[in-house]
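Some notes on the structure that comes next.
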Amino acid sequence: MITPKVWFKLVNPTDNWAKVSLEEVEGVYDLKKKMKIEMAPKLDTFTSSSLILKATHNNDNPNEAVELHEKEELFSVLRRFNIEATNVKDSFARNILLFVIASP
């Protein structure tokens, strides 16, 4: 079975859309760690905990994104957007767009 991948975009510093695998990802903190690795060396000077992660329900406008809490699980992000899910990772990958802001 193919592991779902979710779209994300660096807002600061700016970059193009990219995808990150949801393999071994249960929550927001796991996503931050994966994105940091995916975007090396651009994010090498930032810690995972200093990354701000925001999300929308298939809306590519970062100004409408909602900030996610570091301890939040994927299923609770889906619930926040009223998305029903039998398979959390598949639903997350199909419905959520992520925006990353790196701050020192």
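A few comments on the model shown:
- The chain, relative contact order in percent, only Cα pairs under 8 angstrom and at least six apart counted: 37 percent
- Nearest 10 degrees, 0 to 90: helix 28-38 Cα axis against the chain principal axis: 50 degrees
- Restricting attention to the chain, close to 75% of DSSP beta bridges with both partner residues there are antiparallel.
- Amide hydrogen neighbours beyond the local backbone of L10, cut-off 5 Å, H modeled: D15, V100
- Largest GNM mean-square fluctuation among A85, A18, A40, using the chain with Cα springs under 10 Å: A40.
- Full extension of the chain between K19 and H57 gives 12.1 nm of extra length, using 0.36 nm per residue less the Cα-Cα distance.
Since every read-out is calculated from the coordinates, none of them should be taken as a lab result. From a predicted model like this one, the values you see are computed outputs, not experimental measurements.
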